[in-house]
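No lab work stands behind these numbers, since they all come straight from the coordinates. Predicted model only: the values in this text are computed from it and were never measured. Using ideal geometry, Cβ is built from the backbone for each residue, glycine included, and neighbour counts are taken over all protein chains shown.
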Amino acid sequence: LRGRALDLGSLPSPYAAFAIRSRFPIFTRPETAEPLRTAHFMVSNACPYRCNFCSESAQLSNGLKRFKDDAIGTAVQRVCEYLSYGAESLFFDDSVFWSGRYRDIGNFCDELSRIRRTPPDALDPRYRQFLADEDDVERLRGLQWGAQLTVDTLVALHSADASADILRKMKEAGCTYVYIGIESMSTQVMDHIHKNLRREEGKPWREKVREAASLVKEQGLQLGTSVLFGLDGETRASIDETIHEVGRLIDDELIDLASPNILTYHPATPVTRAHGMHDRLDYHSPRIDNRKPYIYFEEAFPDVVSVLLTEDDIWHIHHETQHRWGGARNDAAPVAVEAGS
């Protein structure tokens, strides 16, 4: 992407033009378990990490754009705006919540907690303008939200005490769900990507994943995870190692949701060029045959998935994760819709 740097807070809210229609089943009404109407929210447009497979890196988006002037107040004001449009829950789609900066996360959570406790007539006018009636105020009081963090943020870049404190603040502000990218539980795979920072002798990546998951669960938060197959170093043995180790975390009730994904090539990412796919990507041709087993994974279809995986490997991943992870597995298969519905 090319263009001048922008303050995301100066741009119009997307939901000023588009209705909030999503219902994210991780957020539910306590009395009925009905999924809540969920707004998606970003306070930054890119990721500070440089994973070679990912198109969200700041390196590919001309820098990291985020809320600048009075970032905390602007973000909380936008929360109130989304509540006024009928949002009952929020998911922060930033690759890493507030770019992983604990001071910003803490300040945001403190301010959100404060206004949730404040009588409506005592609120700052910039918040009160969006909380015009009792329904809006009730949605603020009962707000549920979730955000994405990383294993490194939780256990490598901060102490366990600092991470526990920030997760506690998130929960007090209404957070119920944290999502992290595990990617792989195999050392031979993780050695090839820009994660597993500050590696410690004798402490493999899978132990850091377990430590991060434990921190989240100790605060009573739900934990969702993303697992990615087909990275450099992947073999059938590393696939089975990852499936088994993630299964152990599920058995130990440290993971509530595990999403298996197949590496999909995106333009300009290092892995796309390294695998010789930079001039062979075709996402739009009508000849594309999206079929099983590809439909069981988000974004995966023939000709744009990892060249390191055969179709038999993909079937194997589908069947084994379905069997080993059970109800914790997130299935991306499309739901059939009857004509006229």
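Numbers for the structure displayed
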| quantity | calculated |
| --- | --- |
| Helix-only [θ]222 nm of the chain, DSSP H runs n ≥ 4, -39500 (n - 2.57) each, per residue, nearest 500 | -10000 deg cm²/dmol |
| In sequence order, calculated HN-Hα J values of region 163-176 (Karplus, 6.51, -1.76, 1.60; Hz; x Gly/Pro) | 5, 4, 5, 6, 5, 5, 5, 4, 5, 4, 8, x, 5, 10 |
| Largest to smallest principal axis extent of the C-alpha atoms in region 12-109, angstrom | 43, 32, 28 |
| Antiparallel DSSP beta bridges within the chain, as percent of all bridges there, nearest 5 | 20 percent |
| The chain - Cys residues lacking any other Cys C-beta under 4.7 Å | CYS47, CYS80, CYS109, CYS175 |
| Rel. contact order, % - alpha carbon contacts under 8 angstrom, at least six apart, the chain | 14 percent |
| Long-range amide H partners of PHE27 with built H, under 5 Å | LEU36 |
| Taking ARG280, ARG101 and counting other C-beta atoms within 10 Å, the order from fewest to most | ARG280, ARG101 |
| Crossing angle, helix 71-84 versus the chain [Cα axis fit, 0-90 degrees, rounded to tens] | 80 degrees |
| Counted charge near ALA328, where neighbours are those whose Cβ lies closer than 10 Å (Asp, Glu -1; Lys, Arg +1) | -1 |
| Structure-derived mean projected area of the Cα convex hull in nm² - corresponding label in [x] 20.6; [y] 19.3; [z] 23.4 | [y] |
| Amide H contacts of LEU131 (H built 1.01 Å from N, under 5 Å, at least 5 apart or other chain) | none |
| Residues TRP315, TRP325, sorted so that the one with the fewest Cβ neighbours within 10 Å comes first | TRP315, TRP325 |
| Region 276-283 - phi-based ³J(HN,Hα) in whole Hz, Karplus 6.51/-1.76/1.60, Gly and Pro as x | x, 10, 5, 10, 10, 7, 9, 9 |
| Residues whose placed amide H lies under 5 Å from that of GLY181, excluding near-sequence neighbours | VAL151, SER226 |
| 10 Å binning of all Cα-Cα separations within region 41-167, expressed as whole percents from 0 upward | 12, 40, 32, 14, 2 |
| GNM top mover of ALA274, ALA173, ALA328 - the chain, alpha-carbon springs below 10 Å | ALA274 |
